[in-house]
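Written below as structure tokens is the structure these notes are about.
Each reported figure results from applying straightforward, stated rules to the coordinates on display, with no laboratory input. As the structure is a prediction and not an experimental result, all values here were calculated from the model. Virtual Cβ from ideal backbone geometry, glycine too; neighbours counted across all protein chains shown.
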């Protein structure tokens, strides 16, 4: 089994599951309960938050635990729009955001907000000049995905943050779901106000995430109720999963620092080098300024679904595009935004690695992949 | 000494069998259910199996269940989704003064948006009056949200009767059954609701997962946008292990339901008997006849709840003053205030004792003795005189 679909979701680390089980059994009480058992749960929650803050180099009160990336993006975007609508109704984002952002912006448009969608170049990258030109007096939010989930393209987040530095009324949100642990990002250096991360993309449990919310920003909450998470996100805390998620953060960041990122880069470099000369193949992921774990490529003449299923039968798991929209047959909107033809976009697959993958897997993958496309090519002819 | 946990209305210990059902999913079927390869398909099967189990349990069809991150999300999604979807038909909402904050605060939010909300009063047993409900109903009422069983005092509401009064109106009927689900067998067709919120951690399932029943044909405005999960009604990668764990907990809770309920009645009665035997002065807040089996809310005249709670906690008994979600600060319970008035002593001197799966009669005996001893510290001067 070779699992190269880590941008869709990852396998939790065994230590993460140990933490989950222990916390579920021993810290089951509601952290809001004021008795001793509740106090113990609250203590674990506090420690988890402190550790997460330390790992992200932010303050504990800036860490809001959520149910995942979708909630984080929805909360950041709509929470900003609803809280600051009196300041202005202009929002800025890009054409290549994850649907969790794009659909939220579409909803806001329906509510009367004015949204600028920045175009991207062939590499899937926006231009800083475009950002500058699109900024208005009434721009209350700029929201950009750091690492694109389909292409791996890295956006110039730091530069955008610098641009916004002297505009305190324009909040800057970064969707860091795909980049976290693989592409380092200093929230302060990039002048980020809001940043979304998700647990299940970094070997943590599903149903967990964090929205980093710079201290003092009063977002409008999406979930009203008991007032947990400093009043910004109600709902009984999913404590076992939170503790397990923070464990996954620590382990993933450790792996990243201990040569993990370089190993990912070596593996994608090896894939590129081995596949570059194949006449049917072209890379959609740019070679510069892209994440080390994602390689998107087009296989001429072979529809993505056909190839994914053919590989699937041989125990190799890759994807056609973002899992969240992979049920629909339309070509990827992200690839089309880069100027790829509909045909090339319908023939694209995404290979996405994790710290757990090895060069041996890459070599086996290459053998099977080459054979498979040769076979499919013959069939197609 | 070991703590005796009598705060199951706040949350319950997860059943070890539930964790056992979840771990293999984490380890082996960890795929994203939206992926089209093997791992995605297997994960998809698991969530669809879970959906069937859950739908069957409440008499719904699988299509009518959407998975959420818990009770708060279900309540928010139901109320905001329904209010926004129906606002062309009217802007009036009816709820009660004793709802969970996930409903109350959402209604307050909707008021700010211009909706008109009627908060029904309750009687001293915590029950709304059907007459008051009928009087509140207007042609522009588009949504009614009334909880199934109250989380602080356990009182059950006349859900079926309300549903029949709503026949032929424009109003959708939502019930927060978070606290009731489990020991109460609930059939959505039978009770006639359009929307129902449930969370798993109240019936020995995992935290961070719940569901919302949406009767077929009812359209809600989507509140969480993104991928196309849950038929575009709730975006976000599925919490597959959580969903599997919840379905397991649903199966477990429905086994021998009546026996478990009888056990809760016995524990509750034993607590009451023991406190009576010890000569403690107390009164029941709520309605034993018409209440949830696992919740007992007691008024102890002369006590102060903050001090009482910490004394009990030190003595190893975990109970609460009201909903855990309002805890941290011990504000007077909005439920008791609604029942007895804002200056009523009940709001300052009452405990919620809530029983669960792993409680034994011995534990309840011990807890009752400790409660009696602690309370008598306050009450003694009065009684010894």
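What to note about this one:
- Scattering profile of the stretch B:153-197 at q = 0.21, 0.29 Å⁻¹ [log10 I(q)/I(0), Debye over alpha-carbon scatterers]: -0.70, -1.22
- Calculated FRET efficiency, residue A:83 to residue A:188, Cβ-Cβ distance, R0 = 25 Å: about 0.65 to the nearest 0.05.
- Relative to the dominant Cα principal axis of chain A, helix A:36-56 is inclined by about 50°.
- Expressed as a whole percent, the proportion of Cα-Cα pairs in the stretch A:14-250 lying more than 21 Å apart is 55%.
- Coordinate range along principal axes, alpha carbons of the stretch A:64-140, Å, largest first: 34, 28, 23
- Comparing A:218, A:249, A:92 in a Gaussian network model of chain A where C-alpha atoms under 10 Å apart are linked, the largest mean-square fluctuation is found at A:218.
- Taking 37 °C and 0.692 mPa s as conditions, the stretch B:112-167 diffuses translationally at an estimated 266 µm²/s according to Stokes-Einstein applied to its Kirkwood radius (Cα pairs).
- Cα centroid separation - the stretch B:102-121 against the stretch B:135-154, whole Å: 11
- Fraction of the pair-distance distribution of the stretch B:16-252 above 22 Å, Cα-Cα pairs, percent: 51
- Inter-site label distance for residue B:221 and residue A:54 at 7 Å from Cα along Cβ, in nm: 4.4
- Cβ-to-Cβ counts within 10 Å put B:209, B:305 in ascending order as B:305, B:209, the fewest first.
- Mean residue ellipticity (222 nm) of the protein assembly as shown, computed from DSSP H runs ≥ 4 via -39,500 (n - 2.57), nearest 500: -12500 deg cm²/dmol
- Relative contact order (percent, whole number), the stretch A:14-250, Cα cutoff 8 Å, 6+ residue spacing: 27
- Test item: A:199-207 mean partner chain Cβ contacts at 10 Å: 6
- Among A:168, A:12, A:240, the residue with the largest mean-square fluctuation in a Gaussian network model of chain A, with springs joining Cα atoms closer than 10 Å, is A:168.
- Sorted largest first, extent of the stretch A:224-381 alpha carbons per principal axis (Å): 62, 36, 32
- When each of B:63, A:206 is scored by the number of other beta-carbon atoms lying within 10 Å, the sequence from fewest to most is B:63, A:206.
- Shape annotation for the protein assembly as shown: C-alpha extents along the principal axes are 97, 52, 49 Å, from largest to smallest.
- Seen against the Cα atoms of chain A and their longest principal axis, helix A:14-26 is set at about 30 degrees.
- From the alpha carbon centroid of the stretch A:146-184 to that of the stretch B:65-92 is 32 Å.
- The stretch A:187-342, relative contact order [Cα under 8 Å, separation at least 6], %: 12
- If you plug the beta carbon distance of residue A:330 and residue B:138 into 1/(1 + (r/R0)^6) with R0 = 41 Å, you get a FRET efficiency near 0.35.
- Centre separation in Å (Cα based) which lies between the stretch A:228-304 and the stretch B:261-294: 56
- Of B:154, B:126, B:227, the one that fluctuates the most in a GNM where chain B has Cα springs shorter than 10 Å: B:227
- Per-residue Cβ neighbour rank within 10 angstrom, fewest leading, B:211, B:30: B:30, B:211
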